[in-house]
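Chemist: Pasting a structure here, questions to come.
The values are calculated or read from the model by the stated rules, or taken from the named source; none is laboratory data. What you see is a predicted model; the values in this text were computed from it and never measured. Every residue, glycine among them, receives a Cβ derived from its backbone with ideal geometry; neighbour counts consider all protein chains shown.
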Amino acid sequence: MRNSSHPITNKQKLSFTFNGKKYFGYKGDTLASALIANNVKIVGRSFKYHRPRGIFSAGSEEPNALVELGDGPYKEPNTRATNIELFDGLEGSSQNFLGSVNFDFMAINDLLKNFIGAGFYYKTFMWPRRFWEKLYEPIIRRAAGLGKLSLQADPSQYDKGYLHCDFLIIGSGISGLMSALLLAETGSEVLIIEEDFILGGRLNSESFAINGKQCSVWIGQAVKKLKSLKNVRILTRTTVFAAFDHGIFTAIEKKTDHILEKSSKPRQINWKIYTKHCILASGAIERSIAFPQNDRPGIMLAGSVRTYAKRFGAHYGQKIAIYTNNDDGWKTADDLKNMGLEIKAVIDTRKEIEAPSSSISSYLGQTITKTYGRKGIKAIKLSSGSKLNVDCLAVSGGWSSNIHLTCHKRGKPVWDNIYKNFLSVDNAQKDKIIPVGAARGIFEIQNIISDTNRVILSLIKKIGLSMPNRITLTSSKEQYSCSLDLVSSSNPSNSFIDLQNDVTQKDIELSFREGFKSVEHLKRYSTLGMATDQGKTSNILGLASMAKLKGTNISEVGTTIFRPPYVPVAISAFAGRSRGKDFRPTRLTPSHNVASKRNAVFVETGNWLRAQWFPEKGEKFWRQSVDREVIQTRNSVGICDVTTLGKIDIQGKDCSEFLNFVYTNAFAKLPINRVRYGLMLREDGVAYDDGTTARLGENHFIMTTTTANAALVFRNLEFVRQCLLPNLDVHLISTTDSWAQYSVAGPNSRRLLQKIVDKPKDITNENFPFMACRELTICGGVMARLFRISFSGELAYEIAVPTQYGNALFDALLSAGKEFNAVPYGTEALGVMRIEKGHAAGNEINGHTTAQNLGLSRMISKKADSIGNILSEREGFNGSNIATMSGFKPVQHSQRLEAGSHLISAGKTPTMENDEGWLSSVAFSPTLGHYIGLGFIERGHTRVGEKVLAVNLLQNKTTEVEIVSPHFIDPEGIKQRG
Amino acid sequence: MLIDHPLLGLRDSSEFIYMGDAKLLDRPNWKSQNSKTKFIDYGYLRKNPAGVHKELWYHEQGDRSWLVVTRNTVTHEILKVELARDTKGK
């Protein structure tokens, strides 16, 4: 219920629904505080046993109150009600139940609890093995689930951003604000990041005075000062969720999650922060105590009960008991009492202490042995036998420094036996995270103030910045000591250690008995700390329990470490704007517009979109278009955009020596204005790329690479240039995007080009033979490069112009080609024609095949060193038995071939032992009227005419094929030379 | 990680391509004795220590420099960054 005199009740009233029911809250509430104020006791069901659960904490450590927010595509499951800022119109609902959250059919699991402890699934659902995927797993997943996805794309925008600063301060409690004030004085750029929607951190929950006034007064002054400074930036609603090397952090900012109206602004921003220093003022997280039935709604962390009362005026109950093993539990008792709430008792596990407050009835050296009230706590029973009626039980197992982020770089925490707490290791790295305040294991307010001054001032001194004055604050004097009484001695199967994963003390005992004693094994066997909260409130309990079983202490047992992300982060936030079509850039070819107008069908090749074929009226099936394009090209002339091939401009007086080294074959003697085909090997002797390289001058070459390997070849050329032959005078630049390049192929290609070039005589067969190249002008003065090369086997050219003329040239070629019935063709026709001609492409040069396989071993020059030259001589790559590239055609011409089919000698069974090769590329050849294929088969070049089987076991299809020459058309090359 | 590029200053490691052991700089002489064995060692037997390691990084999304980065692979501390072509001259 709500304290009607609390200041929050003067704020704007907000309406919201939870599980379909309408409630009211106030601006400044979280969903959790509003639910508590509205007496909503059960907010969810536990993960495994489906036990009713209520709100447990007041922060991102929340294990129970996971709710689904919103509806439709905006729905977000597994959000923590304790982190959700309330807004007018919020819709929230519980998750993980069957029926209703108050009557969950799946609660049957709770009765079966004794049978389904740790390891149950591993042991039980082993046999029969095939049942796992189809039967067991779906059932288990449905029963033990979290929230459900909407299964619709989230229409919200997510964004990414980059921030740079000198000091990143994580957290804005007293030590965070003090650090910011001190560091801002030095003139440095300071970035403060706060997860909450208000600044002040834990101070907002505390009742003590600073400088004689309420904490809020000092927070107000500090924030006002910081906001006035130009070198300070403050981000609220932002959680630093991961720490990386060298001062890099990532944080998620919730921009519009707290606003009902969906705006065009991004919903969340994923910030990447570069900082010189990081101050971790992330405070501490209270832990629980394991005792029988310690998971009932109404059993909450004591500090959180204090937060709800002080900050939100929201009370879960009126008759409150406090169960503690440390002094802070008494602070909760005092604060709540001063707010007028009834404190039934403080039960302190410690016997030897003196009760700090005489006005509160206390039970020292006692434990809770039983609780009552399945859907909300009603009473507790103590070890002395006394039974107390309560409606809220505030539990404090002590405080753990929030050092999550310091673990992200493998910093293993060390145990502090004074405050019973893990601290971050003080490694000597330059980019270490510097904890202050409670995150540094300092828990008393007066010490936090003095220690923060000391830590920050000594940091400033060490860096050598101008020294600010220390901050003088007066506060009350606190005392904090803590015991390690965290584990119950009775009823282990009902004593919950990890609330989110339903790990009980019995599970820890079972892990111990079965030999999973190391913390890493314990974690994985019992799933302790493996839920989305990563065991923020529970890990220490599990470690204490294991220490007790092993007869040792926590520092001996050690701890697992936290991993990123600190809180769950939506995948959309990692994607940012890189979604759908924007996942990666799209590269359009220069002829894209013309091709679009001609209704081209496009295909993605890497980032490029290339025209695959150009359907014409009446063509219903892709093959109709492709066959037409091939026939028209072979009969007259076709034009294809080949801009996507990598182009590398190579200059310098040593570039021919350089090319000799990167290609297997020699280029030094290539005459000017001539082109040569080149093959590249990897250093291991395997072929990886091929292309033509043209010599435009004594010291000027233009290399082309395959589309797929353009970036890789360039990288490798730079490696040779800088790392292997740094003394050569060679300069490289990628010009792929600078030149539009078109293949003009077919018997009429020269006649067509003669209409385009400014001096038609320059390109007669005599002046411009096969494999010639030159720079010239076209269309009245546009500079161009012409190469007489042929991939199709036809008389063919490639013509290149600066990219800005690319679209116009494609148009010009088509218009000039009208009289020849010129046809634009796409990548499919290109592929068909190169298979007909027997040219290897990516399917053949696939990273497994060698020059020898490709029938190109004579291209490896033995006169000079080149990449891959030596290892191409390896035994396994040579010899008479290696597979070589051959052509294949079906014996029955009507039969279809399938790429990927394996080749088996006639009469043999299709087994691995009998496998002799494979079909790499197949196509229907409209020129020949039947299917053809390229492939590799042992000793292929010696077996022409032999009939073998092409076996495709996936399609259960066997086709008899004949081994033929890979050059299906014009094997003598008369056409391309004509 | 941040790599202190000798020409460009601190750059995010996401701008780079990683190529492992800088031993790749020491390509064997193709005419030496046992050159095949030497090339097999060169290509396949590369170090991958837990600790200080000299490794190759390529600034592909930047100035295309190949760098030799001396890095502790356990702590990710970067001890030295050089242009590969400078280390070759030495």
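Chemist: Mind listing whichever residues of segment A:154-192 are among the acidic types (Asp, Glu) and modelled with pLDDT under 95? First the steps, then the outcome.
Modeler: Restricting attention to segment A:154-192, the residues satisfying the condition of being among the acidic types (Asp, Glu) are A:154, A:159, A:166, A:185, A:189.
Within segment A:154-192, A:154 is the sole residue that qualifies.
Chemist: Continuing with the same structure: Is segment A:652-665 home to any residue that is over 16 Å from residue A:713 (Cβ atoms), aliphatic (A, V, I, L, M) and at pLDDT 95 or above?
Modeler: The answer is no; no qualifying residue exists.
Chemist: Of the residues B:69, B:52, B:74, which is closer than 29 Å to residue A:411 by Cβ and touching a residue at least 40 places away in the same chain (Cβ under 8 Å)? Walk me through it before giving the result.
Modeler: Values: B:52 fails: touching a residue at least 40 places away in the same chain (Cβ under 8 Å); B:74 fails: touching a residue at least 40 places away in the same chain (Cβ under 8 Å).
Result of the check over B:69, B:52, B:74: B:69.
Chemist: Next up: Looking only at segment A:540-563, count how many residues are assigned to a loop (DSSP other than H, G, I, E, B), touching a strand residue (DSSP E or B) at 6+ places or on another chain (Cβ under 9 Å) and surrounded by 17 or more Cβ atoms within 10 Å (Cβ to Cβ).
Modeler: 2
Chemist: Still on this structure: Report, by residue number, each residue of segment B:56-72 that is more than 8 Å from chain A (Cβ to nearest Cβ) and in contact with a Leu (Cβ under 9 Å, 6 or more places away or on another chain).
Modeler: If we filter segment B:56-72 for residues that are more than 8 Å from chain A (Cβ to nearest Cβ), which is where we start, we get B:57, B:59, B:61-63, B:67-72.
If the condition is that a residue be more than 8 Å from chain A (Cβ to nearest Cβ) and in contact with a Leu (Cβ under 9 Å, 6 or more places away or on another chain), then B:57, B:59, B:62, B:63, B:67, B:68, B:69, B:70, B:71, B:72 are the ones that fit.
Chemist: Filter segment B:73-90 down to residues that are outside any loop (DSSP other than H, G, I, E, B) and within 10 Å of another protein chain (Cβ to nearest Cβ) and give me whichever is surrounded by the fewest Cβ atoms within 10 Å (Cβ to Cβ). Explain how you work it out, then say what you get.
Modeler: Within segment B:73-90, the first condition is being outside any loop (DSSP other than H, G, I, E, B), and the residues that meet it are B:78-89.
Going one step further and asking which of them are within 10 Å of another protein chain (Cβ to nearest Cβ), we end up with B:78, B:83-89.
On the way: B:78: 19, B:83: 18, B:84: 23, B:85: 19, B:86: 13, B:87: 17, B:88: 18, B:89: 8.
Filtering first and then ranking leaves B:89.
Chemist: Can you go through A:715, A:721 and tell me which one is basic (Lys, Arg) and more than 16 Å from residue A:652 (Cβ to Cβ)?
Modeler: Details: A:721 fails: more than 16 Å from residue A:652 (Cβ to Cβ).
Exactly one residue qualifies, and that residue is A:715.
Chemist: Of all residues in segment A:236-269, how many are more than 14 Å from chain B (Cβ to nearest Cβ) and within 30 Å of residue B:77 (Cα to Cα)?
Modeler: At the first step, the residues of segment A:236-269 found to be more than 14 Å from chain B (Cβ to nearest Cβ) are A:236-241, A:251-269.
Add one more test, that the residue is within 30 Å of residue B:77 (Cα to Cα), and what stays is A:238-241, A:251-253, A:269.
Residues that pass the stated criteria total 8.
Chemist: Now for a different question. Check segment A:297-309 and report whether any residue there is in contact with a His (Cβ under 9 Å, 6 or more places away or on another chain) and not hydrophobic (A, V, I, L, M, F, W, C).
Modeler: To start, the set of residues in segment A:297-309 that are in contact with a His (Cβ under 9 Å, 6 or more places away or on another chain) comprises A:305, A:308-309.
Subset that is not hydrophobic (A, V, I, L, M, F, W, C): A:308.
Yes, some residue in segment A:297-309 is in contact with a His (Cβ under 9 Å, 6 or more places away or on another chain) and not hydrophobic (A, V, I, L, M, F, W, C).
Chemist: While we're looking at this one, here's another question. Considering only segment A:900-920, state which residues are crowded, with 20+ Cβ neighbours inside 10 Å and not in a strand (DSSP E or B).
Modeler: A:901
Chemist: Take segment A:797-822 and flag every residue that is in a helix (DSSP H, G or I), hydroxyl-bearing (Ser, Thr, Tyr) and either in the same structural domain as residue A:967 (by TED's automatic domain parsing) or surrounded by 17 or more Cβ atoms within 10 Å (Cβ to Cβ) (or both).
Modeler: Let us first name the residues in segment A:797-822 that are in a helix (DSSP H, G or I), namely A:803-816, A:818-820.
After this cut, where a residue has to be hydroxyl-bearing (Ser, Thr, Tyr) as well, the list is A:803, A:805, A:815.
Passing the criteria: A:803, A:805.
Chemist: Among the residues in segment A:686-697, are any farther than 23 Å from residue B:66 by Cα, within 14 Å of another protein chain (Cβ to nearest Cβ) and within 50 Å of the chain's Cα centre (by Cα)? Talk me through it step by step, then tell me what you get.
Modeler: In the first step, residues of segment A:686-697 are kept if they are farther than 23 Å from residue B:66 by Cα; the result is A:686-687, A:690-697.
Cutting the leftovers down to within 14 Å of another protein chain (Cβ to nearest Cβ) gives us A:686.
Next cut, within 50 Å of the chain's Cα centre (by Cα) only: A:686.
So far as segment A:686-697 goes, yes, one or more of its residues are farther than 23 Å from residue B:66 by Cα, within 14 Å of another protein chain (Cβ to nearest Cβ) and within 50 Å of the chain's Cα centre (by Cα).
Chemist: Evaluate the following for residue B:4: is it in a helix (DSSP H, G or I), more than 8 Å from chain A (Cβ to nearest Cβ) and of a type in the set (Asp, Glu)?
Modeler: Considered against the rule, which asks whether it is in a helix (DSSP H, G or I), more than 8 Å from chain A (Cβ to nearest Cβ) and of a type in the set (Asp, Glu), residue B:4 comes out as no.
Chemist: Scan segment B:23-44 for residues that are more than 9 Å from chain A (Cβ to nearest Cβ) and not in a loop (DSSP other than H, G, I, E, B) and jot them down.
Modeler: Step one: filter segment B:23-44 for residues more than 9 Å from chain A (Cβ to nearest Cβ), giving B:23, B:26, B:32-34, B:37, B:41.
Passing the criteria: B:23, B:37, B:41.
Chemist: If you check residue A:671 against the conditions, is it part of a loop (DSSP other than H, G, I, E, B) and more than 14 Å from every other protein chain (Cβ to nearest Cβ)?
Modeler: Values: part of a loop (DSSP other than H, G, I, E, B): yes; more than 14 Å from every other protein chain (Cβ to nearest Cβ): yes.
Yes.
Chemist: Return the residue satisfying two criteria in turn: it lies in segment A:162-190 and is of a type outside the set (Ser, Thr, Tyr) and more than 18 Å from residue A:437 (Cβ to Cβ), and of such residues it is surrounded by the most Cβ atoms within 10 Å (Cβ to Cβ).
Modeler: A:165
Chemist: Within segment A:593-600, is even one residue surrounded by 16 or more Cβ atoms within 10 Å (Cβ to Cβ), within 21 Å of residue A:402 (Cα to Cα) and out of contact with any strand residue (DSSP E or B) (no Cβ under 6 Å at 6 or more places or on another chain)?
Modeler: Filtering segment A:593-600 down to residues surrounded by 16 or more Cβ atoms within 10 Å (Cβ to Cβ) leaves A:594-595, A:600.
When the remaining residues are screened for being within 21 Å of residue A:402 (Cα to Cα), the result is none.
For segment A:593-600, residues surrounded by 16 or more Cβ atoms within 10 Å (Cβ to Cβ), within 21 Å of residue A:402 (Cα to Cα) and out of contact with any strand residue (DSSP E or B) (no Cβ under 6 Å at 6 or more places or on another chain): absent.
Chemist: Please determine whether any residue of segment A:744-755 is of a type in the set (Lys, Arg), part of a loop (DSSP other than H, G, I, E, B) and surrounded by fewer than 19 Cβ atoms within 10 Å (Cβ to Cβ).
Modeler: Going residue by residue through segment A:744-755, those that are of a type in the set (Lys, Arg) are A:750-751, A:755.
Filter once more, so that each one left must be part of a loop (DSSP other than H, G, I, E, B): A:755.
This time we only want the ones that are surrounded by fewer than 19 Cβ atoms within 10 Å (Cβ to Cβ), so: A:755.
Checked segment A:744-755: at least one residue is of a type in the set (Lys, Arg), part of a loop (DSSP other than H, G, I, E, B) and surrounded by fewer than 19 Cβ atoms within 10 Å (Cβ to Cβ).
Chemist: Looking at A:633, A:643, which is the one that is at pLDDT 95 or above and in a helix (DSSP H, G or I)?
Modeler: Details: A:643 fails: in a helix (DSSP H, G or I).
Going through A:633, A:643 in turn, the sole match is A:633.
Chemist: Next up: Report the residue count in segment A:824-881 for those that are assigned to a helix (DSSP H, G or I) and either within 30 Å of residue A:594 (Cβ to Cβ) or away from chain B (no Cβ under 14 Å) (or both). Outline the logic, then answer.
Modeler: Quick first cut of segment A:824-881, residues assigned to a helix (DSSP H, G or I) only: A:827-837, A:857-859, A:871-873, A:875-877.
If we keep only those that are either within 30 Å of residue A:594 (Cβ to Cβ) or away from chain B (no Cβ under 14 Å) (or both) too, we end up with A:827-837, A:857-859.
Summing the residues that are assigned to a helix (DSSP H, G or I) and either within 30 Å of residue A:594 (Cβ to Cβ) or away from chain B (no Cβ under 14 Å) (or both) in segment A:824-881 gives 14.
Chemist: Among the residues of segment A:823-834, what is the count of those that are under 20 Å from residue A:968 (Cβ atoms) and either buried (at least 24 other Cβ atoms within 10 Å of the Cβ) or of a type in the set (Gly, Ala, Ser) (or both)? Write out each step before concluding.
Modeler: Here is the first cut: in segment A:823-834, the residues under 20 Å from residue A:968 (Cβ atoms) are A:825, A:827-834.
Right, trim to either buried (at least 24 other Cβ atoms within 10 Å of the Cβ) or of a type in the set (Gly, Ala, Ser) (or both) and you get A:825, A:829-833.
The qualifying residues number 6.
Chemist: Taking segment B:11-22, which residues are part of a helix (DSSP H, G or I) and more than 10 Å from every other protein chain (Cβ to nearest Cβ)? Reasoning before the result, please.
Modeler: Residues of segment B:11-22 part of a helix (DSSP H, G or I): B:13-15, B:22.
Residue satisfying the conditions is B:15 alone.
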